[in-house]
Amino acid sequence: MNQPCRDSSLPANDRVSETQSAHHGITSAAQEAYEPGTRNCSGRGSSTLPKEGSISFEDIFKAIDKDKNGSINMCEFRDFAASLLGAKPPVERPPVGGPVTPPGDKPPVERPPVGGPVTPPGDKPPVERPPVGGPVTPPGDKPPVERPPVDRPVTPPVENPPIDTKGNFSTRNGRIYDPSGREFQPRGFDIDNPEVALQDVDKIVGDWSVNMVRINATQRTKYGQENNYDKELMKKIVDEYTKRGVVVEINDGIGKYATWGSISTGNELKERVEFAKEIAEQFKDNPYVWFATPNESGGVVRANTPQDKAWLNAELAYNQAIRSTGNKNMIVQGDAFWGQGATAGGESAIVRHAAEFKKFGNVIAGQHVYNGSPNAENQLTSAVNKLRDAGFAVIVDEFGYVNQGDGSNPVKTQSGSDAVFKAVEKLGIGALPFRWATSGGDKVYNFTRDIRGKGPRTAWGEQIWRMTHAD
């Protein structure tokens, strides 16, 4: 950087110190403008520079005299004057008196390494590009990829699609019918561990006489990781149960350990949609495989709120992904309020959006019941009636006499579980208690004294046994 111009003729207290910053007061620059022989100023001696008296520097000086901390040095002041006469373009500077941001304060622009992969920001999906040096296909020549939009409103089919239920399950008047046309009332339980579900199939079906199980499909262990869903293991499970006439409800658990009760958005929703397509495509020719929407998605979701809109969008995207494969099997639509919207929640998102869900065809309403209220039976009866009035058959595909979902001390919810057992007999709903214990950590839910059905039945297990063995 050039040294600032100095005026040795000025008094010492008006001189510019060489150790001072390159930016000096405009007042000093105005004073220097009177001296045509200042050193190191660009364009010195040029005929285009203003001569003394050609511009009233005194007027300029008076106008800027109040500013003792200007940001233009003396040479720049002369260059500015020259630019007025067309000698050179002006230098862009911040407003006089405004803060000057040194280059070091400006955050650097993050750029990927040369030749390295480009990571898209946030939830924005990556843009597919052809390899370097390869042929470029014009947008018009590339067929569009059919995918449910992520984080955009999902529109269900305009008209209720006629689901061909020949050879499939169906619903009428709040009841479920199997492919042969006989009424089907689900009576079974949840199984968290797929490997245990396969190993214990004879005990679960033979001893406990279930006609339906709900199995958690292991997906990713963490958001963004490669899908570790074991297709071969799930196929073995499905084959073993369905050949015995048992329905397998595949549950999307909590996905990639997303926040319990959260609403999937962005890449998480995209991955769940892709997973729905994968399992729907795999089992679209087996009507004994049902699909549960993401487990307990959405906490407290009230009508006409942003949360309600986001929840509905995620649920519709999941259902649309299943139907996009041509799969016509039963979809168990979960509710908001941690799955308990129509029961303990008191405000069912399924009822609120019944018209949208019914457009997909073959959709039944799923409810979870962990209700310790002494009024639990009346609440459940009211919920079942509302869901049936909205056009759905009903299954309580998760309930328990205790609730220990967050790992804390269990909360007693036996009034709710007793209400479910009564509703199975009185109202004809389906029920899947939680759950076939597979480890010591599950002992609070044990059906028997020991895990995996070993030993004498507990009081809770005795209730389940009577339900699954009833005519």
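The values are calculated or read from the model by the stated rules, or taken from the named source; none is laboratory data. None of the values given here were measured: they were computed from a predicted structure. We place every Cβ from the backbone using ideal geometry, glycine too, and count neighbours over all the protein chains shown.
At a glance:
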item	result
Residue in the stretch 358-378 that is assigned by TED's automatic domain parsing to the domain that holds ASP418, touching a Ser or Thr at 6+ places or on another chain (Cβ under 9 Å), at positive phi and crowded, with 17+ Cβ neighbours inside 10 Å present	yes
Those residues of the stretch 411-451 which are part of a loop (DSSP other than H, G, I, E, B), closer than 24 Å to GLN185 by Cα and not hydroxyl-bearing (Ser, Thr, Tyr), in sequence order	LEU427, GLY428, ILE429, LEU432, PRO433, PHE434, ARG435, TRP436, ALA437, ASN446, PHE447
For ASN304: the one exception among (1) closer than 30 Å to THR165 by Cα; (2) without any contact (Cβ under 8 Å) to a residue 12 or more places away in the chain; (3) of a type in the set (S, T, N, Q)	(1)
Failed condition for ASP471, given (1) in contact (Cβ under 8 Å) with a residue 12 or more places away in the chain; (2) surrounded by fewer than 19 Cβ atoms within 10 Å (Cβ to Cβ); (3) closer than 30 Å to GLY174 by Cβ	(1)
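Every residue, every condition in (1) at pLDDT below 90; (2) small (Gly, Ala, Ser), yes or no:
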{"site": "PRO194", "(1), (2)": "no, no"}
{"site": "GLY224", "(1), (2)": "yes, yes"}
{"site": "ILE237", "(1), (2)": "no, no"}
{"site": "THR242", "(1), (2)": "no, no"}
{"site": "GLY245", "(1), (2)": "no, yes"}
{"site": "ILE250", "(1), (2)": "no, no"}
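Yes or no, residue by residue, for (1) more than 17 Å from ASP252 (Cβ to Cβ); (2) in contact with an Asp or Glu (Cβ under 6 Å, 6 or more places away or on another chain); (3) surrounded by fewer than 18 Cβ atoms within 10 Å (Cβ to Cβ):
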residue: GLU268; (1), (2), (3): no, no, no
residue: ARG272; (1), (2), (3): no, no, no
residue: ALA280; (1), (2), (3): no, no, no
residue: ASP285; (1), (2), (3): yes, no, yes
residue: TRP290; (1), (2), (3): no, yes, no
residue: THR293; (1), (2), (3): no, yes, no
residue: VAL300; (1), (2), (3): yes, no, yes
residue: PRO306; (1), (2), (3): yes, no, yes
